[in-house]
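Bear in mind that the values in this text are calculations on the coordinates, not laboratory data. Because the structure is predicted, anything quoted here is derived from the model rather than measured. Backbone-built Cβ (ideal geometry, glycine too); neighbour counts: all protein chains shown.
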Protein chains: 2
Amino acid sequence: MSRRFVAAAAQLGPIERDEPRASVVARLLALLETARRRDVRFVVFPELALTTFFPRWWIADEAELDRFYERAMPNADVAPLFAAARAGGIGFHLGYAELTETAAGKIRHNTAILVDGEGRIGLKYRKIHLPGHREHEPALPFQHLEKRYFVRGDLGFPVADFMGGKAGILICNDRRWPEAFRSLGLQGAEMVAVGYNTPQHYPRAPEHDRLQDFHNHLSLQAGAYQNGTYVIGAAKAGFEGGCELIGGSCVVAPTGEILAVAATRGDELVAAEVDLDRCREIKANIFNFALHRQPDAYGLLTKVG
Amino acid sequence: MSRRFVAAAAQLGPIERDEPRASVVARLLALLETARRRDVRFVVFPELALTTFFPRWWIADEAELDRFYERAMPNADVAPLFAAARAGGIGFHLGYAELTETAAGKIRHNTAILVDGEGRIGLKYRKIHLPGHREHEPALPFQHLEKRYFVRGDLGFPVADFMGGKAGILICNDRRWPEAFRSLGLQGAEMVAVGYNTPQHYPRAPEHDRLQDFHNHLSLQAGAYQNGTYVIGAAKAGFEGGCELIGGSCVVAPTGEILAVAATRGDELVAAEVDLDRCREIKANIFNFALHRQPDAYGLLTKVG
């Protein structure tokens with residue numbers, strides 16, 4: 001498989017609380033068709049791309065909460081997406097809420113997968129850095145209950161052979177933690193898909209509201225450069241459920257340069273040419289880990305408690 | 001001591017190979033005097049601020065090499081600098097090559113210190129990420145022999161109480177490694193001094209020459225934001241010994257914003273107001289390590305070999 005192809009972030013505008021999966025999947029299919037016309041071979045959809053960002057609400061009713069989770073992947077709702085990918089030979093990244101029934105009860109994850117151009121799941125990741133809080137905080141203008149509605153991912157930070165290279169996934173808040181990017185970089189990641197839902201307003205430090213786009217790009221660009229990997233970031237954007245989400249979906253080169261960036265906060269595809277061999281310019285030189293990293297000096301980073 | 005004060009990067013233009021210490025110290029004193037007039041309380045001088053960046057040359061003669069190192073700190077050459085700091089009540093950061101005589105032979109470090117407004121050394125750091133190579137590579141337009149002329153620092157990544165807060169030091173290449181910034185961040189660093197000598201031309205990947213300033217700022221800004229600390233970066237800049245060095249000296253806020261930046265590649269002071277209490281906006285929220293870091297998931301980062 002060629003290591004040179006066009007990749008894209010497929011940004012989504014708002015998904016309302018009651019928007020049915022079929023409607024969302026129709027939007028994803030439209031973006032996939034745009035991608036096909038632009039010769040794109042890999043498309044990154046956002047985090048929790050099949051529903052609204054439901055952790056913004058305190059949902060006491062379990063049946064109501066469960067509605068936002070997928071119990072199987074693929075499933076009947078997303079089957080058309082897998083079929084379109086197969087028909088077009090286009091790989092994609094998809095984020096979704098995952099519910100697993102076990103003898104001990106329900107386990108909930110914030111999950112994302114890579115699907116290849118033959119419709120096969122090539123990599124699955126469950127979010128490790130869950131932001132927000134666990135309890136209802138009615139004084140906030142909106143909740144951020146990821147620590148309540150998900151448990152920490154149990155798959156580590158995996159990479160997989162994908163699209164002719166090594167690919168990994170981070171989800172939203174993960175991207176701000178250099179440890180997460182480095183875990184992928186140490187395994188040779190050449191392309192990292194990052195879906196996100198990031199409010200414009202940060203109630204605990206509203207003086208930073210104006211910096212949300214800057215912090216998003218700073219994190220993605222530093223992660224790309226410091227690990228010599230492409231990064232494709234895809235936002236859920238716009239006014240959703242009364243909450244404004246940033247856009248800024250982008251394709252970032254292994255040099256940290258932004259190659260393409262979204263101009264709107266709606267459904268939008270931004271594409272750029274990717275040449276996985278260019279990762280070597282960074283990986284073999286300034287960030288040659290074997291020559292220059294000093295892992296025995298980093299003990300504080302893994303100290304627990 | 002007030003946690004709110006003016007801090008500055010004191011960028012240096014070139015220091016030629018035969019420039020005597022007295023001449024260099026006179027330049028540092030002039031910058032310190034500029035700082036005093038601008039009400040600056042803390043000044044960051046660059047890495048190896050007392051000499052030219054001698055690792056660019058293969059120096060076979062040991063006596064010739066030894067000339068570039070300090071055997072004591074302070075010493076007679078820099079005594080006027082310590083005296084001026086004391087007289088003005090101005091703290092400073094100074095990088096220099098350090099030579100220690102031991103029974104087993106000479107030990108060489110790339111070192112930097114923090115000196116407080118009473119002329120006392122408050123922190124010493126020896127560079128851990130030594131870039132470049134060990135052997136003579138005559139095919140290169142210039143050498144980068146830090147791996148030959150220095151051994152790896154043996155003091156870890158220390159922080160100290162300084163100027164009413166917690167301060168740390170990184171040296172040049174260290175700043176590109178998020179592990180180095182994080183080691184300081186985990187100890188509560190609120191201000192990190194970073195001196196650097198960074199060639200504009202990177203012979204092993206010259207396609208990145210145009211990106212040197214961008215990569216410098218990206219690394220400093222990400223390190224500041226991801227650890228909620230001020231970062232003060234000071235360059236040795238301009239054409240030195242036939243090699244062009246980038247400038248871009250700057251003061252970076254804990255939000256990652258560049259508050260002040262050099263406009264030249266010569267001797268230049270860039271100052272900005274620092275309020276160490278503002279670190280809390282980041283440290284107590286988005287990068288609240290106790291709430292959100294997942295150190296037991298970062299095992300790959302400290303794996304040796």
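Could you give the distance between the Cα centres of region A:85-129 and region A:9-71, to the whole Å? Using only Cα atoms to place each centre, the spacing works out to 13 Å.
For the residue pairs B:LYS166/B:LYS303; A:LYS283/B:LYS166; A:LYS124/A:LYS166, the alpha carbons lie more than 22 Å apart in B:LYS166/B:LYS303; A:LYS283/B:LYS166.
From Cα pairs below 8 angstrom and at least 6 apart in sequence, can you work out the relative contact order of region A:164-301, rounded to a whole percent?
With pairs under 8 Å counted, the relative contact order is 20 percent.
Remark: spin-label model distance A:ALA76-B:VAL151 equals 7.1 nm, labels positioned 7 Å along the Cα→Cβ axis. Restricting the calculation to alpha carbons of region B:164-300 gives Rg and Dmax of 15.7, 50 angstrom. Using Cα pairs closer than 8 Å and at least 6 residues apart in sequence, work out the relative contact order for chain B, in percent. Here the relative contact order equals 22 percent.
Between A:ALA63 and A:GLN187, what FRET efficiency follows from the Cβ-Cβ distance if R0 is 56 Å, with the result rounded to 0.05? Efficiency computed from Cβ-Cβ geometry: 0.90.
Which percentage, to the nearest 5, of the DSSP beta bridges contained in region B:9-302 is antiparallel?
Bridges in region B:9-302 that DSSP calls antiparallel: roughly 65 percent.
Here's the list of aspartates and glutamates a cross-link from B:LYS127 could span, going by alpha-carbon distance under 14 Å and ignoring same-chain residues fewer than 8 apart: B:GLU47, B:GLU98, B:GLU146, B:ASP154, B:ASP174, B:GLU179. Among DSSP bridges having both ends in the protein assembly as shown, what percentage is antiparallel? Round to the nearest 5. Roughly 65 percent of the DSSP beta bridges within the protein assembly as shown come out antiparallel.
Taking the DSSP bridge list for region A:1-129 and keeping only pairs wholly inside it, about 65 percent are antiparallel.
What the Cα convex hull of region A:90-214 gives, in volume per residue, is 130 Å³.
Strictly greater than 32 Å: what percent of every Cα pair in chain B meets that? Tail of P(r) above 32 Å: 22 percent of Cα pairs. Every Cα-Cα pair in region A:123-176 was counted, and those over 14 Å apart are 60% of them. When the helices of the protein assembly as shown are scored as -39500 (n - 2.57) per DSSP H run of n ≥ 4 and the total is divided over every residue, the value at 222 nm lands at -6500 deg cm²/dmol. Each label point was placed 7 Å from the Cα along the Cα-to-Cβ direction; for B:GLU207 and B:SER23 their separation is 4.1 nm.
Seen from A:PHE287, the other residues with C-beta closer than 14 Å to its C-beta sum to a net charge of +4, counting Lys and Arg as +1 and Asp and Glu as -1. You can think of it this way: the chain between A:GLU101 and A:GLU16 has 27.9 nm of extra reach, that is 0.36 nm per residue less the Cα-Cα gap.
Between identical copies, the spacing of B:ALA263 label points, each set 7 Å from Cα toward the C-beta atom, reads 3.4 nm from nearest to farthest.
This model, with +1 at the C-beta of Lys and Arg and -1 at the C-beta of Asp and Glu, gives the protein assembly as shown a dipole about its Cα centre of some 680 debye.
For the protein assembly as shown, the orientation-averaged shadow of the C-alpha convex hull comes to 28.1 nm² (one quarter of the hull surface).
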